[in-house]
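In what follows, a structure is listed as structure tokens, so that the remarks can point back to it.
Each reported figure results from applying straightforward, stated rules to the coordinates on display, with no laboratory input. A quick note: this is a predicted structure, and the numbers were derived from the prediction, not measured. Cβ placement follows ideal geometry from the backbone for every residue including glycine, while neighbour counts extend to all protein chains displayed.
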Amino acid sequence: MSGQAHPTPKLYAIILTCLVIGTVLTYRAAFWEMGIFNPVVALAIACTKATLVILFFMHVRYSSKLTKLTISAGFFWLLIMITMSLSDYLTRTYLPR
Amino acid sequence: MSTSQTTTTEHHPALSHQFDSMEQQQDASTFGMWVFLLTELMMFGGLFTAYLIYRLKYYAAFVAGSTSISVGWGFTNTLVLIGSSFTMAMAVWSAQKGMRKAQIWFLIGTMILGSAFLGIKAKEYYDKWDECHIPGHIIGKGFNAWGGCSASNPSLGNIAQEIVERGEKSHTEIPLGAARQTAQQTEIFFSFYFLMTGLHAFHMIIGLGLLTWLLLRAKRGNFGPQYYTPMELGGLYWHFVDIVWIYLFPLLYLISRTRT
């Protein structure tokens with residue numbers, strides 16, 4: 001807000017196209033043998049798609065600094081939860097019994 | 001403030017008295033909505049974290065469970081939901097422009113796509129019911145030792161059999177006992193599948209309720225360039241539910257599809 005212009009239908013159509021391409025790409029990539037990189041590629045595409053939705057469909061690119069900071073903080077906490085939980089569970093077997 | 005209260009008697013009917021301007025009011029509402037959505041993010045995030053831990057612990061069972069659900073329907077549903085996010089964004093845009101008819105049509109389009117998503121989801125759930133892949137023994141036909149309905153129809157949904165056959169294709173012999181153990185562990189995968197997609201579908205149903213309410217207000221011509229906050233916040237909610245699905249699709253449907 002704050003008097004800034006909102007996206008136009010043309011931009012929304014471009015974002016829609018990118019999201020559809022991303023979805024087709026995830027689907028196709030799932031059948032390519034990439035070993036350990038299969039889930040990495042799938043999640044990278046998912047993160048790109050989510051970012052596009054958040055920035056444009058949810059107008060975060062055009063919103064106040066307070067909103068942007070709040071959202072970043074929220075996602076940062078989510079990352080803390082995931083990385084700390086996984087770093088615990090994944091390293092338990094490394095300890096001497 | 002005390003002087004402006006007496007001088008500015010004319011203002012937009014939707015402006016609450018505690019706000020200075022419509023802009024400030026919308027900023028506050030958007031902020032509040034985001035705080036709510038972040039609590040939702042932490043709820044789904046907890047499930048995603050638990051899912052990741054169990055996926056790493058029982059990877060073979062998660063592969064077997066994941067390959068038994070229809071990737072085609074999951075893919076279709078992703079496209080349907082992305083399309084509905086687009087129509088929702090367009091509905092918010094038409095509200096900003098004060099285009100009453102366009103708002104109504106884009107909202108109806110969003111509701112149709114949202115319902116299509118739930119319809120496809122119901123079909124997928126029915127297939128799982130049919131294959132006896134409902135975890136636990138309270139509802140459904142029960143999850144048996146083969147991970148399928150082997151008593152009545154030995155080929156239907158028999159995960160242990162599928163594991164052995166997949167092993168043969170890649171020239172590795174998997175003993176039936178090991179395959180059956182993995183098949184039983186897929187119950188964990190299906191618990192996550194039903195809990196996460198179920199919670200997501202529940203949010204979609206709430207979203208359809210919100211869209212109905214927005215549709216009625218849009219019909220009355222409540223929204224225009226000055227005031228479209230409910231539309232904006234409804235849009236935020238709908239897009240958030242879309243984002244959850246964007247992660248659910250690759251995590252639940254696309255585990256190691258190369259092995260099939």
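So what's the angle, to the nearest 10 degrees on a 0 to 90 scale, between helix B:59-68 and the longest Cα principal axis of chain B? Here the helix axis deviates by roughly 80 degrees.
If r is the Cβ-Cβ distance from residue B:15 to residue A:51 and R0 is 45 Å, what FRET efficiency results, to the nearest 0.05? Here the calculated transfer efficiency is 0.85. Label separation (residue B:105 vs residue B:176): 6.2 nm, computed from points 7 Å beyond Cα along the C-beta direction. Rounded to the nearest 20, the Cβ-based charge dipole of chain A about its Cα centre (Lys and Arg +1, Asp and Glu -1) stands at 180 debye.
At an R0 of 25 angstrom, the distance between the Cβ atoms of residue B:73 and residue B:39 translates into a FRET efficiency of 0.25. GNM, chain B, Cα, under 10 Å: largest mean-square fluctuation among B:177, B:157, B:65? So, out of B:177, B:157, B:65, the one fluctuating most is B:177. The HN-Hα couplings worked out from phi for region B:240-257 by the Karplus form 6.51 cos²θ - 1.76 cosθ + 1.60 (θ = phi - 60°) are 4, 4, 4, 4, 4, 5, 4, 8, 5, 4, x, 6, 8, 8, 10, 6, 6, 5 Hz, whole numbers, x standing for Gly and Pro. Net charge of the neighbourhood of residue B:224, taken over other residues with C-beta under 11 Å away and scored Lys/Arg +1, Asp/Glu -1, is +2.
Averaged over residues, the count of other Cβ atoms within 10 Å places the peptides B:25-33, B:185-193, B:201-209 in the sequence B:185-193, B:25-33, B:201-209, highest first.
What is the angle, in °, between the Cα long axis of helix A:37-52 and the longest principal axis of the Cα atoms in chain A? Nearest 10 is fine, range 0 to 90. Here the helix axis deviates by roughly 30 degrees. Other protein chain C-beta atoms within 10 Å of residue C-beta, averaged over B:50-60: 2.
When +1 charges are put on Lys and Arg Cβ atoms and -1 charges on Asp and Glu Cβ atoms, the dipole computed for region B:136-260 relative to its Cα centre reaches about 360 debye. Using the Karplus relation 6.51 cos²θ - 1.76 cosθ + 1.60 with θ = phi - 60°, the per-residue 3J(HN,Hα) values for region B:195-211 come to 5, 6, 5, x, 5, 5, 5, 4, 5, 5, 5, 4, x, 5, x, 4, 5 Hz, with x marking Gly and Pro.
Using C-alpha pairs below 8 Å separated by at least 6 residues, the relative contact order for chain B is 28 percent.
Taking amide H positions as modeled 1.01 Å from N, with prolines and chain starts lacking one, the residues under 5 Å from residue B:134 and 5 or more places away or on another chain are B:141, B:142.
Among B:14, B:89, B:179, whose mean-square fluctuation peaks in a Gaussian network model of chain B (Cα, cutoff 10 Å)? Highest fluctuation among the options: B:14. Contact order for chain A, expressed relative to its length and based on alpha carbon pairs under 8 Å spaced 6+ residues apart, stands at 33 percent.
Take peptide A:74-83, look around each residue's Cβ out to 10 angstrom, count Cβ atoms belonging to other protein chains, and average those counts.
Taking the mean over all residues of the peptide, I get 4.
Compared with the dominant principal axis of the Cα atoms in chain B, helix B:71-97 is inclined by about 0°. For the protein assembly as shown, adding -39500 (n - 2.57) for each run of n ≥ 4 DSSP H residues and dividing by the number of residues yields -24500 deg cm²/dmol at 222 nm.
Placing +1 on each Lys and Arg Cβ and -1 on each Asp and Glu Cβ, with no other charges, gives the protein assembly as shown a dipole about its Cα centre of roughly 340 debye. The phi torsions of region A:73-80, fed into the Karplus equation with coefficients 6.51, -1.76 and 1.60 and a -60° offset, translate into couplings of 4, x, 5, 5, 5, 4, 5, 4 Hz, rounded to whole numbers, with Gly and Pro shown as x.
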